[in-house]
Amino acid sequence: MSRRLTLGPLPKHLRQNLLRLCANTAIADHQEQEEYPVHSAFSGEVIGHALAGDEQVVEAAFFKAREAQRLWAHTPVKQRAKIFKDFHDRVLREREFLMDIVQLETGKNRLSALDEVLDVAGNARYYANKAPRLLAENANPGALPLLTKNRVQHAPKGVVGQISPWNYPLALGISDAIPALLAGNAVVAKPDWNTPFTLLAVVDLLYQAGLPRELFQVVTGAGKTVGSAIAQRSDYLMFTGSTATGRILGKTAGERLIGYSAELGGKNPMIIAADADLDKAVREVPNACFSNSGQLCVSIERIYVEAPVYEDFLSRFTKAVQQMRLGAGFDWNVDMGSLINQQQLDSVQSFVDDAVAKGATVLAGGRARPDLGPFFFEPTVLIDVPRDAKLRTEEVFGPVVYVEKVETLQEAIALANDTEYGLNASIFAAPETGWQIAGQINAGGVGINDGYAATWASIASPLGGMKQSGMSRRHGEEGLLKYTEARNVAEQRGLSIRGPKGMPPKLYGQVMSYALLLGKKLRFLP
Ligand code: ADP
């Protein structure tokens, strides 16, 4: 067992917690699996080894999950919910450990890691409270009033496959699985190659809360092998990641005719109206652009500012960004951490270099900071970004934002919508202006006087992407019911739906037609 995760040079408390994890986690048991090194994003050093799963491991995980799910489907929903209420408390109590490990794997600052903890707790509480009502059989008016009794049941899909990315390995690793499990499914989950330990750590808390181990199988390894093997076997697929991979998985889901939910890329705009509270905007906008070092599907990458406040906003925003505190480590006094790895650093640098070579002006940042850690890049503000610069339309997924002056709000709205994506948008304005603009933005989430957190944390409402930013939604009722199949059960009582025995078809037709006309008039039909 201890072969499963071998640990490199880690702080002592993390080492002990992770060793406990090694002994506890129910990864499918295949001794001959290859190991691969996992690196600290802060320093680049190896922090441990995870198993590189393959198709056989995925097959074994599905076998166990299917068996466990049959029992779980008959466990009363209230009993399932109890586990998640306990899990909620454990996540909050173990937050320091969870934040440590998230930071170690991703390089993000502590506040961004806390966001993940709060997200998991929020989803556990919301769905544990809601599931009994959402999953209860509900009665609808039947075909014939009084004679047809009709109910909808919500049957679990079976085994849900979940493929999650490295940027929010805790929140995106577990929050979407919570409603899937509560709905009576098992889950086979694949964390990203770079961040396996975070998911293993939080799943361990779920086991401690009482979830049968086989119900939540984690298979670590490469996307192409493990991810596609999961997509080939699951009864429903939940994916968060790039639009390119989302399209590949959508194809598999389409061929297999299984349900599919995907939250993909974005090129998220912000509009700053002339009537905005600029003090508030200057305080909030850095967070909207540079949380998790901009490696956030909903973070803001372009800002359109109405002419009367453009100069004022730009100078104050630039100053605020220049004053941001960067650093590696686990304390709270860091505004922005590292990027995750060399590949991300190279990608962000090349987007900025391309824009600058084509004429963009750098007002803040624009360069790597190897003095802080191997993958640090400064929060970057650009203006004069030309049409042909790649980052004008393509998602950077890093700490880079460009600012542009607009003459009217209509121009800002047109520019905001001029994208193949439609994930998130943000508006800073007087509330009335904000709501007016929001209704004209083609994005699945729109924050008013907030970047993304207010929509994300409003868990009772569905959230997701329009256009190339995804399909289906997480959160809200939809976020749970998507993991179920509606079963329509109707009981015909007394009279046959074809009328009394021996009734001639012609007479049946006349009676039914008159009944429908009367039913509409007297409103006793639905
Ligand atoms: P990113 O660019 O943020 O890494 P990806 O879409 O490449 O986004 O990765 C998101 C998740 O999808 C990761 O867990 C990754 O391993 C997985 N993945 C990548 N390629 C595939 C694929 N071809 N099939 C299934 N999963 C994949």
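The values are calculated or read from the model by the stated rules, or taken from the named source; none is laboratory data. On a predicted model such as this, the values are computed, not experimentally measured, just so you know. Cβ atoms come from the backbone with ideal geometry, glycine included; neighbour counts cover every protein chain shown. Ligands, DNA and RNA are excluded from the accessible area calculation, which covers all protein heavy atoms including side chains. Shrake-Rupley method; radii C 1.70, N 1.55, O 1.52, S 1.80 Å.
Whole-Hz ³J(HN,Hα) for each residue in the stretch 466-480, computed from phi via Karplus 6.51 cos²θ - 1.76 cosθ + 1.60 with θ = phi - 60°, x for glycine and proline: what do you get?
8, 6, 7, 8, x, 9, 6, 9, 9, 6, x, 4, 4, x, 9
Whenever you get a sec, line up Thr240, Thr408 from highest to lowest accessible area (probe 1.4 Å, protein heavy atoms).
The ordering from most to least exposed comes out as Thr408, Thr240.
Got a sec? What order do Leu144, Leu98 fall in by accessible area at 1.4 Å, biggest, i.e. largest, first? Mind dumping the intermediate values first?
Numbers: Leu144 30, Leu98 0 Å².
The ordering from most to least exposed comes out as Leu144, Leu98.
Report the accessible area of Tyr36, computed with a 1.4 Å probe over the heavy atoms of all protein chains in place, in Å² rounded to the nearest 10.
10 Å²
What nm value, rounded to one decimal, do you get for the distance between Gln410 and Gln56 when each label is placed 7 Å out toward the C-beta?
6.6 nm
Just the accessible area for Glu407, please: 1.4 Å probe, Å², rounded to the nearest 10?
Its accessible surface works out to 120 Å², give or take rounding.
What distance in nm separates the simple spin-label points at Asp418 and Arg493, each placed 7 Å from Cα in the Cβ direction?
Here the modelled spin labels are 6.3 nm apart.
What trypsin sites (Lys or Arg not before Pro) in the stretch 282-340 are in a loop by DSSP, with at most 11 other Cβ atoms within 10 Å of the Cβ? Working shown, then result.
Details: sites: Arg283, Arg302, Arg316, Lys319, Arg325; in loops: Arg325.
The qualifying sites are Arg325.
Please work out how much length the chain gains when fully extended from Phe63 to Thr393, using 0.36 nm per residue of separation minus the C-alpha to C-alpha distance, in nm with one decimal.
114.4 nm
Give me the Kirkwood hydrodynamic radius of the stretch 327-416, using the inverse of the mean 1/r over all pairs of distinct Cα atoms, in Å to one decimal.
14.2 Å
Taking 25 °C and 0.890 mPa s as the conditions, I'd like the Stokes-Einstein D for the stretch 406-526 in µm²/s, using the Kirkwood hydrodynamic radius from alpha carbon pairs.
It diffuses with D of about 128 µm²/s by this estimate.
Show the residues, 5+ positions off or on another chain, whose built amide H is closer than 5 Å to the amide H of Ser469.
Here Gly422 satisfy the definition.
Under the 0.36 nm per residue contour assumption, what length would be gained going from the current alpha-carbon distance of Asp89 and Glu478 to full extension?
137.6 nm
Grab the Cα-Cα distance for Ala274 and Arg325, subtract it from 0.36 nm times how many residues apart they are, and report the gain in nm with one decimal.
Working it through step by step, the gained length comes to 15.4 nm.
Considering amide H positions built from the backbone, and no H for Pro or chain starts, which residues 5 or more places from Ile303, or on another chain, come under 5 Å of its amide H?
It is Met270, Tyr402, Val403, Glu404, by chain and number.
Using a 1.4 Å probe, what is the accessible area per residue for the chain, in Å²?
I get 42 Å² per residue for the chain.
May I ask you to derive the FRET efficiency for Met512 and Ala486 from their Cβ-Cβ distance with R0 = 41 Å, giving the value to the nearest 0.05?
Plugging the Cβ-Cβ distance into 1/(1 + (r/R0)^6) gives 0.95.
Counting other C-beta atoms within 10 Å, and keeping those with at most 16, which DSSP coil chymotrypsin sites (Phe, Trp or Tyr not before Pro) do you find in the stretch 418-479?
The qualifying sites: there are none.
Would you calculate, for the chain, the mean residue ellipticity at 222 nm contributed by helices, counting each DSSP H stretch of 4 or more residues as -39,500 (n - 2.57) and dividing by all residues, to the nearest 500?
So the helix-based figure for the chain works out to -13000 deg cm²/dmol.
For a label point 7 angstrom out from the Cα of Thr75 toward its Cβ, which stretches of the stretch 166-186 have the backbone nitrogen within less than 12 Å?
181-186
Amide H neighbours of Gly48 under 5 Å, counting only residues 5+ apart in sequence or on other chains, H built in-plane at 1.01 Å?
Gly8, Val38
Ignoring everything but the protein chains, give the 1.4 Å probe accessible area of Thr393 in square angstrom, nearest 10.
80 Å²
Using a 1.4 angstrom probe with every protein chain in place, what is the largest-first accessible-area order of Asp100, Asp86, Asp279?
Result of the area sort, largest leading: Asp279, Asp86, Asp100.
Using the Karplus curve 6.51 cos²θ - 1.76 cosθ + 1.60 with θ = phi - 60°, what ³J(HN,Hα) values do you get for each residue of the stretch 281-286, in whole Hz, with x for Gly and Pro?
Those phi angles translate into 4, 5, 6, 8, 5, x Hz.
Enter the per residue convex hull volume of the chain, computed from alpha-carbon coordinates, in Å³ rounded to the nearest integer.
Normalising the Cα hull of the chain by residue number yields 174 Å³.
Which trypsin sites (Lys or Arg not before Pro) from the stretch 372-439 combine a DSSP loop assignment with at most 14 other Cβ atoms within 10 Å?
Arg387
For the stretch 268-462, which whole-number percentage of the solvent-accessible area (1.4 Å probe, protein heavy atoms only) is attributable to carbon and sulfur atoms?
Within the stretch 268-462, the accessible surface is 49 percent carbon and sulfur.
Would you list, by chain and number, the lysines whose Cα falls below 29 Å from the Cα of Lys390, excluding same-chain residues fewer than 8 positions away?
Candidates past the 8-residue exclusion: Lys108, Lys224, Lys251, Lys267, Lys319, Lys358, Lys405, Lys467.
Can you list the HN-Hα couplings for the stretch 502-512, worked out from phi with the Karplus curve (6.51, -1.76, 1.60; θ = phi - 60°), rounded to whole Hz and with x for Gly and Pro?
Working through the residues one at a time gives x, 5, x, x, 5, 5, 4, x, 5, 4, 4 Hz.
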